[in-house]
1. Identify all residues within region 414-442 that are open to solvent by less than 10 Å² (accessible area, probe 1.4 Å) and assigned to a helix (DSSP H, G or I); write none if there are none.
2. Restricting to region 361-382, give me the number of residues that are buried (at least 24 other Cβ atoms within 10 Å of the Cβ) and not aliphatic (A, V, I, L, M).
3. Inside region 208-242, can you point out the residues that are over 22 Å from the mean Cα position of the chain (by Cα) and either surrounded by fewer than 18 Cβ atoms within 10 Å (Cβ to Cβ) or part of a helix (DSSP H, G or I) (or both)?
4. Scan region 360-374 and report the pairs whose first residue is closer than 24 Å to Thr320 by Cα and whose second residue is acidic (Asp, Glu) and open to solvent by 40 Å² or more (accessible area, probe 1.4 Å), with Cβ atoms within less than 6 Å and a gap of 6+ or a chain change.
5. Farther than 25 Å from Leu250 by Cβ and in contact with a Gly (Cβ under 7 Å, 6 or more places away or on another chain) - does that describe any residue in region 85-95?
6. Quick one: Lys248 ticks every box in (1) within 28 Å of Leu166 (Cα to Cα); (2) charged (D, E, K, R); (3) open to solvent by 40 Å² or more (accessible area, probe 1.4 Å); (4) out of contact with any helix residue (DSSP H, G or I) (no Cβ under 7 Å at 6 or more places or on another chain) bar one, so which box is it?
7. Give the number of residues within region 183-207 that are among the acidic types (Asp, Glu) and within 24 Å of the chain's Cα centre (by Cα).
8. State whether the residues of region 48-63 include one that is modelled with pLDDT of 85 or more and assigned to a loop (DSSP other than H, G, I, E, B).
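The values are calculated or read from the model by the stated rules, or taken from the named source; none is laboratory data. Note that the structure is predicted; figures quoted are calculated from it, not measured. Here the Cβ is made from the backbone with ideal geometry for all residues, glycine too, and neighbour counts use every protein chain on show. When the accessible area is computed, the model is the full protein with side chains, heavy atoms only, and any ligands, DNA or RNA have been set aside. Shrake-Rupley method; radii C 1.70, N 1.55, O 1.52, S 1.80 Å.
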Amino acid sequence: MKDNKLKTIYVCSNCGESSPRWMGRCPSCGAWNTMVEDVVVPEPKASARSASARPSGVTSITARRLSEVSTTEEKSRIVTGISELDRVLGGGVVLGSVVLLGGEPGAGKSTLLLQLCGAISDRCQVLYITGEESVRQIKLRADRLQVPQQNIHLAAETDIDDICGLIEQTKPDLVVIDSIQTMHCNDVSSSAGSVSQVKECSARLLTVAKSCEIPTFIVGHVNKDGAIAGPKVMEHIVDTVLYFEGDKTLPYRVLRAAKNRYGSTNEIGMFDMTGHGLTEIENPSQVLLEGRPLGTSGNCVACTMEGTRPILSEVQALVTKSSFNVPRRTASGFDFNRANLLVAVLEKRAGYFFGSLDVYLNIVGGLELDETACDLAVCLAMVSSMLDKPIDDKTVAIGEVGLGGEVRNVTFLELRLREAQRIGFTKAIVPRHSLKQLDPKEFSDIELVGVSYLRDAIQAIK
């Protein structure tokens, strides 16, 4: 028995390096203050393993034929009725799936899950476990959100063994754990929220969810870098990892999937935070373009793809004379290195000198434009601000800009043009090579201007 005594080691939460003693700096990755306490059980000696050898042909596991497993949507998914959430999940909540939801404090994670519970409570039994709030506080929020409460059961508990027992006893149709950092396991000596506690609690919830086929939502805190706090193995064992993003100063929230075993990771859901909870934004292009200044230089509309959804967004650029020896370059919502690359292309290939000018880029609405199809709109916005000549308010620019100043093809051009035509745009600047792939009859309400080089696109806006 002495050989099986628990031992304490220290594990780096950044790279997983272990050490028998605590160190201020990890010897493997060099990160400071990342060594956290963990508890392990030493392996038994060879004599003990041979004495307790596994009997041959004895098991309690039964296997099912693959052809007998039901794959119909009615039996394998729960459609929540929140279309933006269903879109990100791939069509609904899969039975037995474990979904990890992370986000900044105050983003609306608990609000979204409570509204999810209310949306399915008319046909499902829901168990909401809270470790951060009391039952009365959840009741007050449910009253404010006007959530149906008949089939929602609440429990304020942090002991993971008692929680798993309650789930196995009541067998609800959906479980919400808010949050995993507040749960603790009595078999682990470290405090709640540590790497070993989070890992063990997640593993026990996963076992219950898979064995009982109960979908489980787990709320996870994020660290200062925006990643979910705790071991990376927690993201590996769950089926879906969702991030709830949004600027606190803006009402818009974006739900994004970083991992999804049952759907695409490219889809996003957009919500508006109001006094009565989160409301869906079914037409994000219209919302992001509301209040756009008309007849102002430095503005151009780009179209980005989020999964299968095209979204129009406004690109703002401000180019002004610098008062510093080294001009400033700032990009909000757009990759900073990509912005510097486009400035260099404009100088070398188009003949516009930015060496003594400050360049500020901003994507309105808090959206991140990380797609190269937005290059052309960014370049035209900077030239428009530099020349102080407004771009037509009904013009959209779509295209990738290469280092030679050429405008290259982009994917899903037809979907982008249909979205621009639906919103009411009358002119689109697109790569010339893509025109032969388009049917002019489908875009009779929008003028397609094909350009081969950046100079041609600048001439088109003049």
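1. Arg416, Leu417, Ala420, Ser434
2. Residues in region 361-382 being buried (at least 24 other Cβ atoms within 10 Å of the Cβ) and not aliphatic (A, V, I, L, M): 3 in total.
3. Passing the criteria: Val208, Ala209, Lys210, Ser211, Cys212, Glu213.
4. Taking only residues 6 or more apart or on different chains, the pairs are Gly366/Asp247.
5. yes
6. In the conditions (1) within 28 Å of Leu166 (Cα to Cα); (2) charged (D, E, K, R); (3) open to solvent by 40 Å² or more (accessible area, probe 1.4 Å); (4) out of contact with any helix residue (DSSP H, G or I) (no Cβ under 7 Å at 6 or more places or on another chain), Lys248 misses (1) alone.
7. Counting residues in region 183-207 that are among the acidic types (Asp, Glu) and within 24 Å of the chain's Cα centre (by Cα) gives 0.
8. Yes, some residue in region 48-63 is modelled with pLDDT of 85 or more and assigned to a loop (DSSP other than H, G, I, E, B).
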